[in-house]
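See structure below.
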Amino acid sequence: MTTSYDYVIVGSGIAGLYAALLAREHGSVLVLTKGSVDDCNTRWAQGGIAAPIGAGDSPQRHIDDTVAAGAGLVDPEAARVLAEEAADRIDDLVDLGVPFDTLHGEIALAREGAHSAPRVLHAGGDSTGAHIELTLSSVARQENVTVLEYTLATEIIVEGPAVVGVRALDERSGETTDYACRHLVLATGGAGQLYSVTTNPEVATGNGIALAYRAGAEIMDMEFFQFHPTALRLPGAQPFLISEAVRGEGGVLLDVAGERFMPAYDERAELAPRDVVARAILDRMRRTGADHVLLDVTGLDRARVIARFPQIYRTCLEHGLDITRQPIPVSPAAHYTMGGVRTNVWGETTLPGLYACGECACTAVHGANRLASNSLLETVVFAKRVVRRSIERPDTAAEPTPDAIDLSPATPAESPPLTRDALRALMWERVGIVRDGEGLAAARDALSAWQASLVPPTDRPSRELADLLVCGRLVTEAALMREESRGAHYRTDFPAPREEWRRHIVFRRPDGRPSGRTA
Ligand SMILES: Cc1cc2nc3c(=O)[nH]c(=O)nc-3n(C[C@H](O)[C@H](O)[C@H](O)COP(=O)(O)OP(=O)(O)OC[C@H]3O[C@@H](n4cnc5c(N)ncnc54)[C@H](O)[C@@H]3O)c2cc1C
């Protein structure tokens, strides 16, 4: 090991930077991030951050909404912590300088689908994430937090039962360095790049989940991947998110023939839960043979649309589309990784010394389906707890889960060459919004064959691909095991929830062998 720190934090999104700003009061801190500091999911977050701070709202209502959205798999303690600690974390963000939008001198609160009260704080209209990321990175710079950019964590270093450091590759020099630490915090975000259509930026490759899995930590709920119903679908344009709030404001979904179709699928029409809307859109796309449907806001007040959605308005205009005059072509896209590195409500993983927070972690606070705007909140609530725990009880870890069920080992077989595009297309087709046993089994075989023939990765692209492959296997194996439909996991061969499946699927890799268990 060349250098030693109290804390090494991997990732510079909201979870990593907020944890770093807290941890610096308790010891030396190093942040590793594989791109530039602001290259992360956080800066793309639009709608906002939930907190039950409005008149008439309460933590209990927020808990109830979170539990209801999670389709029977939300951990009640995690939901309680999330809602009860929300107001304090919002105060922290305000103190750090996040410029939340106000109305008549008070923080403005928007209402989003499945929230029973207005409780979503936003900044710059629909640019909440960009404002948070900019604020936190500026404070980190002022406070001299050391952030090593273009530095990819490639391996968690374990000695005996405990994590003692991390190995990282400097992309610019090609050199590998070991960083020793007392506390290693994974804040590496999600794995949206597993899918060929995603709202996530290129850095969202599930590295932290794969690193933790290889090190022997437990991974949970990987079959639950949230697909957002409406991402911009234009030739040459990234699938840019068109926020739920656009439908909340009165936007309607039309098929390419101009017919409004959501009322035929669900009585809540455009405001039905994300998974219901995503499946309905997919079905309508298949029936019409189109690769998109249309989201129409042309009937809404023009000035209001521009004021409420400046980023969406600007981005579409850059692609030649004036959304106040023309409907927006949209299709569903992979959006949020509900599963991840299993932690308790203190962000502790099952490996002493290793913590996880933010999208890469899984406290089961989202259960089978995340409530909109709970993810930004989750990052700060649990990052704060990670740092508190590291001070108060530095030597503890999450209880491991017994009763492991082995996964099938990777087996060599004939397979087309492994590329990122091939992997993403396979996941989209077979392990996407609508799944079935036959498709999942075919995907499992292909992924297993790819893994068996993988050559050891050397650089960032090959390491990201190897990590995506690990995540792809975890998602697929769990989806195959879960013979029911629940939350974001939908199987045509098991279209209803089944009581015996009201449990989590947990994977871990004891003795170098991939395995899993249900709990
Ligand atoms: C388009 C979009 C809109 C969204 N809108 C909302 C919203 O309105 N409200 C809401 O609550 N949530 C929203 N979300 C989700 C939310 O933005 C994310 O869940 C949250 O920002 C995750 O924060 P994070 O810090 O955990 O991860 P990220 O912000 O993704 O940061 C992860 C960091 O880890 C780094 N990293 C990854 N692997 C490595 C490695 N091996 N080595 C070094 N560094 C690594 C990355 O480069 C990055 O810096 C949205 C997401 C997207 C994509």
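The values are calculated or read from the model by the stated rules, or taken from the named source; none is laboratory data. Source: prediction; values computed, not measured. Because the Cβ atoms are built from the backbone with ideal geometry, glycine has one as well, and the counts that use them run over all protein chains shown.
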From 464, 429, grab the single residue that is out of contact with any Lys or Arg (no Cβ under 8 Å at 6 or more places or on another chain) and of a type outside the set (Gly, Ala, Ser). 429
Going by what's in this entry, would residue 300 be described as assigned to a loop (DSSP other than H, G, I, E, B), surrounded by fewer than 22 Cβ atoms within 10 Å (Cβ to Cβ), of a type outside the set (D, E, K, R) and in contact with a Cys (Cβ under 9 Å, 6 or more places away or on another chain)? no
Candidates 110, 86, 114 - the one that is modelled with pLDDT under 95, closer than 21 Å to residue 359 by Cβ, in contact with a Pro (Cβ under 9 Å, 6 or more places away or on another chain) and of a type in the set (A, V, I, L, M): 114
Scanning region 368-384 for residues that are more than 12 Å from the ligand (Cβ to nearest atom) and in contact with a strand residue (DSSP E or B) (Cβ under 9 Å, 6 or more places away or on another chain), which turns out nearest to residue 222 (Cα to Cα)? 368
If you scan region 1-36, which residues turn out to be buried (at least 24 other Cβ atoms within 10 Å of the Cβ) and in contact with an Asp or Glu (Cβ under 6 Å, 6 or more places away or on another chain)? 33
Out of (1) more than 21 Å from the chain's Cα centre (by Cα); (2) farther than 30 Å from residue 290 by Cβ; (3) not in a helix (DSSP H, G or I), what's the single condition that is false for residue 389? (3)
Here are some residues: 135, 188. Which one is within 11 Å of the ligand (Cβ to nearest atom) and under 23 Å from the mean Cα position of the chain (by Cα)? 188
In region 203-219, which residues are of a type in the set (A, V, I, L, M), more than 8 Å from the ligand (Cβ to nearest atom) and part of a helix (DSSP H, G or I)? 209, 210, 212, 215
Which of the residues spanning region 226-267 are more than 12 Å from the ligand (Cβ to nearest atom), assigned to a loop (DSSP other than H, G, I, E, B) and either closer than 21 Å to residue 488 by Cβ or modelled with pLDDT of 95 or more (or both)? 233, 251, 255, 256, 257, 258, 259, 261, 266, 267
Scan region 324-373 for residues that are farther than 30 Å from residue 256 by Cβ, part of a strand (DSSP E or B) and touching a Lys or Arg at 6+ places or on another chain (Cβ under 9 Å) and report the count. 6
Here is a list of conditions, (1) touching a residue at least 40 places away in the same chain (Cβ under 8 Å); (2) touching a helix residue (DSSP H, G or I) at 6+ places or on another chain (Cβ under 6 Å), and residue 255 meets all of them except one; can you say which number that is? (1)
All positions within region 140-181 that are modelled with pLDDT under 95 and among the polar types (S, T, N, Q): 144
Quick check on my filter: what residues within region 171-191 are surrounded by fewer than 24 Cβ atoms within 10 Å (Cβ to Cβ) and at positive phi? 174
Residue check: is residue 65 without any contact (Cβ under 8 Å) to a residue 60 or more places away in the chain and not in a loop (DSSP other than H, G, I, E, B)? no
Residues in region 20-42 that are near the ligand (Cβ under 9 Å from one of its atoms) and either under 19 Å from residue 382 (Cα atoms) or in contact with a Ser or Thr (Cβ under 8 Å, 6 or more places away or on another chain) (or both) total 10
